[in-house]
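The values are calculated or read from the model by the stated rules, or taken from the named source; none is laboratory data. Just so it is clear, the model here is predicted, and its values are computed rather than measured. Cβ atoms come from the backbone with ideal geometry, glycine included; neighbour counts cover every protein chain shown. Just the protein is used for accessible areas: all its heavy atoms, side chains included, with ligands, DNA and RNA removed. Shrake-Rupley method; radii C 1.70, N 1.55, O 1.52, S 1.80 Å.
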There are 2 protein chains.
Amino acid sequence: MDSLKYAVIGTGALGGFYGGMLARSGKEVHFLFHSDYDWVKQNGLRIDSVTGDFILPKVYAYKETSQMPVCDVVLVCLKTTSNHLLSSLLPPLLHPQTAVILIQNGLGNEDLLAGQLPGCVLAGGLGFICSSKMDPGHVVHMDYGKLTLGSHDGRGEAVLKRVCEDLSAAGVPAEMSDNLKLSRWKKLVWNIPYNGMCVVMNASTKELMSRSETFDLIRDLMREVTGAATACGSPILDGFVQAMLDSTLKMKPYAPSMKLDFDHKRLLEIDAIYSRPIQQARNAGYDMPKTRMLEQQLRFIQGRYADEK
Amino acid sequence: MDSLKYAVIGTGALGGFYGGMLARSGKEVHFLFHSDYDWVKQNGLRIDSVTGDFILPKVYAYKETSQMPVCDVVLVCLKTTSNHLLSSLLPPLLHPQTAVILIQNGLGNEDLLAGQLPGCVLAGGLGFICSSKMDPGHVVHMDYGKLTLGSHDGRGEAVLKRVCEDLSAAGVPAEMSDNLKLSRWKKLVWNIPYNGMCVVMNASTKELMSRSETFDLIRDLMREVTGAATACGSPILDGFVQAMLDSTLKMKPYAPSMKLDFDHKRLLEIDAIYSRPIQQARNAGYDMPKTRMLEQQLRFIQGRYADEK
């Protein structure tokens, strides 16, 4: 069986790390760059990882997908706020069995893309990772790293298993989820409180956890998410909230991706992380008042700095 | 009948205005000052009001209540965050019929003081006013001004009526409330959303009202307050929320008192405006999730800047 050929769309904190690890292990990986293209062409891709630093002096780098080859696996590592671009970005990369894996936060991303690219093998990926893009072509991986993959509609499981094997062989812990929806809700138990609260309070996870009021509020928000997940048919046990709190208490002070987006006045992933879960819960008859309030505060903040530009 | 003799405890945005108007009309008013004492002794008290500017070159000014005379009416215009001082500040001013009027926001202030000064004639005052202390001994009154007075326990109605007459004669619209608790809840319908949201979002009332997300959130918060009031035995009709929204839309951009406290890194009136209403509602079986979230966010913000000092 031939080796899988990979494309990475969006070579930032996640795409740079996962694609870089696969490329280092000998896989053929084609990277789409935006503003970093010239820098990477000259200097290569640099990964500073807790598991070991390395530089890939030469990578397959592109500015447009129309110049990229057809691939077996496309790792979509864009922010969800760019997903409207996917229906034009992806077609040049696809053959009938290509697996498109959305390594993104939130709910409903695969559903929207399924409507735009019917017939496509779609999957989701959930990165439990602390990493960030420090400079052009320079990713710093600070902690964790596990990637969980799950099929959107049951198709493509065989290729997803091979991707897991490739990742594991490349030094990235990877596992299959047999319930992508449940996995996405579980990730929201962390993402909903910390992403939004770090922005609204302009604080790190550690600051939020160090004061009893925000600790309690984080826990309240987590319970709203587990309640919503359960109402939507993805039951999450109560102990999961405590486990998330405990593991966050052990983390180094961390700025979630939305906090970095806020600091750089980029669009926030409000639709995927807040609005769609709230809407799905509402459709199931479950109210998320504090999550909704956080969504409203985030939209105010984003609206204000969008107006300043 | 002799003219009432007044004391003002806390000569800031409210005490300076109400006391200043009474003094200008010829009433005997004794003012307690803190940091402004020396300035006022030399320069007098200046009121710039939409109803007409004036300066009182000489006022009865004091640094300590022990030097002040016994008075018939004490207007307490301190922030509620200083109410722990009242049990020692007030006694020198009191005769058996003195009316102590707490011109303050929030719930429960009279209850706490009744425990500390048993037998005292207690009342509450609600100032519907936009004013602020701009400089030492310099109050700017920008809009509104009506003062609503109500007895805490039914005693003292006669003297409160005389205070209303004195205020009206001095150019301050004043009226009696026959239900202080209901009046306090009604004021909270405005204070709970705008005070906290202006701090957490670092915005003016106008900015909050200009974006649909925060407009909706303000309305949600108002509805929580009317629901809580009703659960606590002070029913407020639905139309009141719309009236508050409409009148705020017509206001000039405004920074509520808590926003000014935040800007100057002073203690915030979280107990009186948030914690006690939430607790009273909870005791009545009514949950205020968004108000509680706002309280938690405010305590985080206050805790953080208290630590910086």
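Of all residues assigned to the stretch A:269-280, none qualifies as being over 19 Å from residue A:104 (Cα atoms) and touching a Phe, Trp or Tyr at 6+ places or on another chain (Cβ under 9 Å). The lone criterion from (1) within 17 Å of residue B:190 (Cβ to Cβ); (2) open to solvent by 50 Å² or more (accessible area, probe 1.4 Å); (3) more than 14 Å from chain A (Cβ to nearest Cβ) left unmet by residue B:233 is number (1). Can you find, within the stretch A:259-270, the residue that is surrounded by the fewest Cβ atoms within 10 Å (Cβ to Cβ) among those that are more than 12 Å from chain B (Cβ to nearest Cβ) and in a helix (DSSP H, G or I)? The extreme case among them is A:263. Residues that are among the charged types (D, E, K, R) and more than 17 Å from the chain's Cα centre (by Cα) were ranked within the stretch B:139-195; the one that is surrounded by the fewest Cβ atoms within 10 Å (Cβ to Cβ) is B:178. Would you mind finding the one in B:287, B:246, B:238 that is within 14 Å of chain A (Cβ to nearest Cβ) and either within 21 Å of residue B:207 (Cβ to Cβ) or without any contact (Cβ under 8 Å) to a residue 60 or more places away in the chain (or both)? Result: B:287 is the single residue among B:287, B:246, B:238 that is within 14 Å of chain A (Cβ to nearest Cβ) and either within 21 Å of residue B:207 (Cβ to Cβ) or without any contact (Cβ under 8 Å) to a residue 60 or more places away in the chain (or both). Of everything in the stretch B:244-258 that is at pLDDT 95 or above and open to solvent by less than 50 Å² (accessible area, probe 1.4 Å), the residue that is nearest to the chain's Cα centre (by Cα) is B:258. Could you list, in sequence order, the residues of the stretch A:200-215 that are in contact (Cβ under 8 Å) with a residue 40 or more places away in the chain and part of a helix (DSSP H, G or I)? Once the filter is applied, which keeps residues that are in contact (Cβ under 8 Å) with a residue 40 or more places away in the chain and part of a helix (DSSP H, G or I), the stretch A:200-215 yields A:200, A:205, A:206, A:207, A:209.
Going by the structure shown, is residue B:176 under 20 Å from residue B:132 (Cβ atoms), touching a helix residue (DSSP H, G or I) at 6+ places or on another chain (Cβ under 8 Å) and more than 14 Å from every other protein chain (Cβ to nearest Cβ)?
no
Annotation note: Cβ proximity below 7 Å between a residue of the stretch A:28-55 that is within 15 Å of residue A:14 (Cβ to Cβ) and a residue that is surrounded by fewer than 14 Cβ atoms within 10 Å (Cβ to Cβ) (sequence gap 6+ or interchain) occurs for A:47/A:53. Examine the stretch B:110-117 for a residue that is in contact (Cβ under 8 Å) with a residue 60 or more places away in the chain, aliphatic (A, V, I, L, M) and farther than 24 Å from residue B:21 by Cβ, and state whether such a residue exists. No, the conditions are met nowhere in the stretch B:110-117. Number of residues in the stretch B:201-218 that are open to solvent by less than 10 Å² (accessible area, probe 1.4 Å) and at the interface with chain A (Cβ under 9 Å from one of its Cβ atoms): the value is 5.
Taking strands (runs of 3 or more DSSP E) as the structural unit, those lying wholly within the stretch B:1-101 and holding at least 2 residues that are among the aliphatic types (A, V, I, L, M) and either over 24 Å from residue B:272 (Cβ atoms) or more than 20 Å from the chain's Cα centre (by Cα) (or both) correspond to B:45-49, B:54-56. Filtered by the rule that a residue be over 14 Å from residue B:197 (Cα atoms) and either open to solvent by less than 10 Å² (accessible area, probe 1.4 Å) or of a type in the set (Val, Ile, Thr) (or both), the stretch B:285-309 gives a lone residue, B:288.
Within the stretch A:32-75, restricting attention to residues that are open to solvent by 40 Å² or more (accessible area, probe 1.4 Å) and among the aliphatic types (A, V, I, L, M), the residue that is nearest to residue A:4 (Cα to Cα) is A:70. Can you pull out the residues in the stretch A:259-283 that are more than 20 Å from residue B:289 (Cα to Cα) and aliphatic (A, V, I, L, M)? Within the stretch A:259-283, A:260, A:267, A:268, A:270, A:272, A:273 qualify. Only a single criterion out of (1) within 24 Å of residue A:265 (Cα to Cα); (2) within 14 Å of another protein chain (Cβ to nearest Cβ) is not satisfied by residue A:195, namely (2). Note on the stretch A:117-199: enclosed strands (runs of 3 or more DSSP E) holding 3 or more residues that are among the hydrophobic types (A, V, I, L, M, F, W, C) are A:121-135, A:138-151. Of note, residue B:107 does not satisfy the criterion of being outside any helix (DSSP H, G or I), touching a His at 6+ places or on another chain (Cβ under 8 Å) and crowded, with 19+ Cβ neighbours inside 10 Å.
Residues in the stretch A:216-229 that are over 25 Å from residue A:302 (Cβ atoms) and touching a residue at least 24 places away in the same chain (Cβ under 8 Å): A:219, A:226, A:227, A:229.
Test of understanding: among A:182, A:221, which residue is of a type outside the set (D, E, K, R) and within 14 Å of chain B (Cβ to nearest Cβ)?
A:221
Screening residue B:273 with (1) surrounded by fewer than 19 Cβ atoms within 10 Å (Cβ to Cβ); (2) away from chain A (no Cβ under 14 Å) gives one miss only, at (1).
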